[in-house]
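Report on one structure; see the data block that follows.
Values quoted throughout were computed directly from the atomic coordinates according to the rules given, and no laboratory measurement underlies them. Model, not experiment: these values are computed from the prediction. Neighbour counts are summed over all protein chains in view; Cβ atoms, including those assigned to glycine, are modelled from backbone coordinates with ideal geometry.
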DNA sequence: ATACTTTGCGCAACCGATTGCGCATAGGAG
DNA sequence: CTCCTATGCGCAATCGGTTGCGCAAAGTAT
């Protein structure tokens with residue numbers, strides 16, 4: 001923690017307000033008012049304003065954010081907490097976040113908790129000590145009440161003032177299940193998410209409801225859950241192997257996310273079943289590699305970038321006007337993306353022709 | 001830029017040093033010395049030290065980093081600039097960076113320039129105004145001399161004080177080309193990188209040298225370059241289509257990176273050529289999706305996480321002891337990863353049996 | 001000429017820490 | 001009893017901005 005030897009200053013020294021003021025023969029007050037257009041700005045002579053601005057530009061004056069923050073109690077920094085930075089889901093969201101945030105004059109710290117309880121517990125206060133003004137939690141549930149605004153992406157927090165950006169899971173389930181139904185699948189297996197994923201519960205409930213509406217049966221023997229550990233496609237592969245061991249016939253799998261769908265495809269291939277001819281697989285998320293996967297993954301796209309954008313602009317809004325009434329949650333819509341991991345159920349293929357189906361859609 | 005309406009403070013108010021001192025009936029000086037173990041610490045009575053620490057713990061005192069930074073001219077923040085945050089390459093590096101940096105007590109800002117010249121030009125000064133103490137550039141060349149330490153990952157900057165973390169491209173080229181040679185490939189096509197990628201030149205020169213050593217011919221008609229625009233696997237697909245149009249026979253492709261290798265596989269499949277039976281494809285990087293791709297990508301792995309870790313710890317080192325002599329570049333080693341996108345050349349398959357080859361390796 | 005308003009700008013305190021210097025008090029030496 | 005040296009701690013300046021209040025000069029009204 002402590003440094004024994006003295007450490008030299010490391011921040012690049014730029015021209016300060018004081019220097020600029022001295023250069024102009026004016027007070028810091030006046031210069032500050034001009035460059036910030038702060039209250040009193042209009043009472044400064046136009047000539048002076050121009051002189052100040054010209055000099056500021058020439059000397060490349062840029063306010064020291066640390067000093068500004070100290071005085072104004074605003075750091076212009078927020079933080080984003082994600083499960084794992086090297087994963088396509090989080091980074092798609094981050095990409096959307098970045099746009100909005102930088103436009104609003106904010107920078108952000110990223111931290112990834114990797115589902116480690118100690119990190120999840122300690123990060124909030126560590127970030128608070130860094131004076132971040134707000135927090136965006138991506139696919140992560142925040143259990144404590146924080147003294148700063150929190151926006152949760154894909155979160156379902158019912159906590160005090162947290163705003164959730166969430167997908168319309170009912171619509172998503174409908175899109176996927178109706179697609180499978182149209183293709184003639186009736187014995188559908190389900191891969192449920194890990195308990196730590198904040199979407200798991202919500203999505204599963206939506207699936208149950210929609211399956212009921214569509215008359216699709218959900219068989220316990222055809223549902224498996226992703227194991228908590230494991231990285232990449234591995235959990236999906238393992239879950240599918242367990243599924244295959246049960247020896248219960250099925251013609252389609254609705255996976256919790258694209259990673260597990262890819263894992264399922266790997267397991268099916270290893271078991272000698274072709275995708276999509278023997279088994280159709282539907283993923284979820286539409287991460288970048290879903291398109292390049294072979295076969296291309298049919299999946300429910302979450303508008304991840306948009307969710308990031310919305311999260312960031314919502315947070316900025318909350319920072320600007322804290323008192324204003326905020327919606328507790330904001331719904332975004334999924335898009336169904338049909339690629340090559342789904343096909344007509346074998347039983348159906350015998351009775352109808354593909355062209356018939358196509359025109360029927 | 002400016003805010004018209006007054007904005008309330010947003011930083012969570014914690015107990016300040018002044019309050020803590022008042023609570024203890026001591027001066028700020030003494031309290032500060034105790035909590036920081038700063039010079040003079042030893043001259044404070046042990047009793048007092050204990051009292052201060054106890055009170056600090058009880059009131060949950062945490063120094064205001066803004067004030068500390070202002071005074072000490074150290075923000076404890078560095079920045080990482082990447083081409084695009086939602087891409088597997090950058091995020092693998094980031095994952096390594098995060099570990100080292102947080103351990104060193106630093107947080108970081110991420111910005112992505114997306115190859116936009118305006119962003120590349122403006123980000124450095126924008127970051128400097130944020131008082132970042134150092135910069136890590138990932139696959140991005142920094143053209144100006146910055147007043148802060150810069151470490152470049154996969155960069156080949158010959159600039160003043162920039163430290164480069166680079167792959168041993170000669171070894172990498174050797175691994176890939178020798179693999180293809182062993183499999184009996186002699187007509188090998190090459191997909192060169194985009195001009196904006198800092199690795200393009202270096203790697204190509206290494207390939208030329210190694211190909212010469214191994215007696216592999218590099219035919220201009222069998223080399224294509226990735227187009228500058230395009231996202232994901234698209235550039236690789238387009239480049240491979242161009243290659244196919246030339247009607248020059250080849251049995252293997254060495255792609256610039258995994259993305260373009262996947263694009264190549266897509267294009268080959270579209271052209272009716274099987275990978276690996278008709279054409280072998282070798283990628284580069286070993287991004288996460290290389291393993292889940294179908295066929296699994298044979299590729300040269302860059303130790304991206306390690307490169308991130310090394311970059312971060314090098315930067316921390318530079319911040320701690322600026323005067324110390326620094327190596328201008330640090331070499332890391334590639335690992336060859338053999339998956340299913342490469343196979344014996346067809347011509348060879350007729351004469352030897354696969355088992356023979358296997359045992360011969 | 002006097003009084004009041006407007007225009008133009010500066011004084012000085014403050015945000016929350018860090019740190020060189022110096023002032024007391026106590027104990028030991030002579 | 002005086003002088004000196006530790007020992008223990010505080011004063012006040014400083015980092016680089018922001019802002020409530022106020023002062024002087026110029027302009028306007030009477």
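Calculate the mean, over all residues of peptide B:109-118, of how many other protein chain Cβ atoms lie within 10 angstrom of the residue's Cβ.
Numbers: counts 6, 9, 4, 6, 0, 2, 0, 0, 0, 0.
If you average over the peptide's residues, the count of other-chain Cβ atoms is 3.
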Longest principal axis of chain B (C-alpha) makes with the long axis of helix B:200-214 (C-alpha) an angle, in degrees to the nearest 10, of 40
For chain A, what relative contact order do you get, as a whole percent, if you take Cα pairs closer than 8 Å and at least 6 residues apart?
-> 16
Copy-to-copy spacing for residue A:277, label 7 Å out on the Cα-to-C-beta vector, in nm, shortest first?
-> 1.3
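Other chains' Cβ within 10 Å of B:285-292 residues: what's the mean?
Working: counts 0, 0, 2, 8, 11, 1, 5, 15.
Mean shielding count: 5.
In peptide B:97-106, how many Cβ atoms from other protein chains are near each Cβ within 10 Å, on average? Can you show the working numbers first?
Details: counts 1, 7, 1, 0, 0, 6, 0, 0, 2, 0.
Mean partner shielding for this stretch: 2.
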Expressed as a rounded percentage, what relative contact order does region A:17-63 have, with Cα pairs under 8 Å and six or more residues apart?
-> 40
Please give the calculated 222 nm ellipticity per residue for chain B, where each DSSP H segment of at least 4 residues contributes -39500 (n - 2.57) and the sum is spread over every residue; nearest 500 deg cm²/dmol?
-> -13000 deg cm²/dmol
Longest to shortest principal axis, alpha-carbon extents of region A:17-63, angstrom | 24, 18, 16
Placing each pseudo-label 7 Å from Cα in the direction of the beta carbon, residue A:67 and residue B:103 end up separated by a distance in nanometres of 3.7
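Where both residues lie in the protein assembly as shown, what percent of DSSP beta bridges are antiparallel, nearest 5? Provide the component values of the computation, followed by the final result.
On the way: 7 of 73 bridges.
Counting only bridges with both partners in the protein assembly as shown, antiparallel ones make up about 10 percent.
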To the nearest 10 degrees, how steeply does helix B:234-245 sit against the main Cα axis of chain B, on a 0 to 90 scale?
-> 20
According to the Kirkwood expression over distinct Cα-Cα pairs, how big is the hydrodynamic radius of the protein assembly as shown, in Å?
-> 28.5
Packing-based order for B:275-284, B:44-53, A:228-237, using average beta carbon neighbours within 10 Å, highest first = B:275-284, A:228-237, B:44-53
Cα gyration tensor shape for region A:225-302, rounded if a/c is under 1.5, else prolate or oblate = oblate
Mind listing the label-point distances from residue B:182 to the same position on all other copies, shortest first, one decimal in nm, points 7 Å along Cα→Cβ?
-> 4.9
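Report the calculated FRET efficiency for residue A:54 and residue A:129 (r = Cβ-Cβ distance, R0 = 51 Å), to the nearest 0.05. Don't skip to the answer; put the middle values down first.
On the way: r = 40 Å, r/R0 = 0.79.
E(calc), rounded to 0.05, equals 0.80.
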Share of alpha-carbon pairs per 10 Å distance bin for chain B, given as whole % = 5, 20, 24, 18, 13, 8, 6, 4, 1, 0
Can you tell me which of B:81-94, B:256-269 comes out highest on packing, and rank the rest after it, using the mean Cβ neighbours within 10 Å?
-> B:256-269, B:81-94
Descending Cα extents along the principal axes, region B:35-171, whole Å | 61, 33, 29
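Would you please give the FRET efficiency between residue B:271 and residue A:195, computed as 1/(1 + (r/R0)^6) with r the Cβ-Cβ distance and R0 = 45 Å, to the nearest 0.05? Numbers along the way, then the final one.
Details: r = 45 Å, r/R0 = 1.01.
Efficiency, rounded to the nearest 0.05: 0.50.
Order by neighbour count: B:133, B:323, fewest other Cβ atoms within 10 Å first, most last. Spell out each step's value before the answer.
Numbers: B:133 23, B:323 7.
With the fewest neighbours first, B:133, B:323 line up as B:323, B:133.
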Report, for residue A:335, each distance to the same residue's label point in the other copies, shortest first and in nm; define the point 7 Å along Cα→Cβ.
-> 3.8
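What number results when the radius of gyration of region B:260-301, computed over Cα atoms, is divided by 2.2 N^0.38 Å? Before the final figure, lay out the partial values.
Working: Rg = 9.7 Å, N = 42, 2.2 N^0.38 = 9.1 Å.
Rg over 2.2 N^0.38 Å, computed on Cα atoms: 1.06.
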Quick one: angle between helix B:258-270 and the longest Cα principal axis of chain B, in degrees between 0 and 90, rounded to 10, please.
-> 30
For the residue pair residue A:27 and residue B:161, what label-to-label distance in nm results when each label sits 7 Å from Cα along the Cα-to-beta-carbon direction?
-> 3.9
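So what is the relative contact order for region A:39-170, in percent, with contacts set as C-alpha pairs under 8 Å and at least six apart? Working shown, then result.
On the way: 157 pairs, mean separation 27.4, N = 132.
For region A:39-170, the relative contact order is 21 percent.
Sorting check: for B:243-255, B:304-316, which peptide has the highest mean count of neighbouring beta carbons within 10 Å, and how do the rest follow?
Values: B:243-255: 19.1, B:304-316: 22.7.
Ranked by mean Cβ neighbours within 10 Å, highest first: B:304-316, B:243-255.
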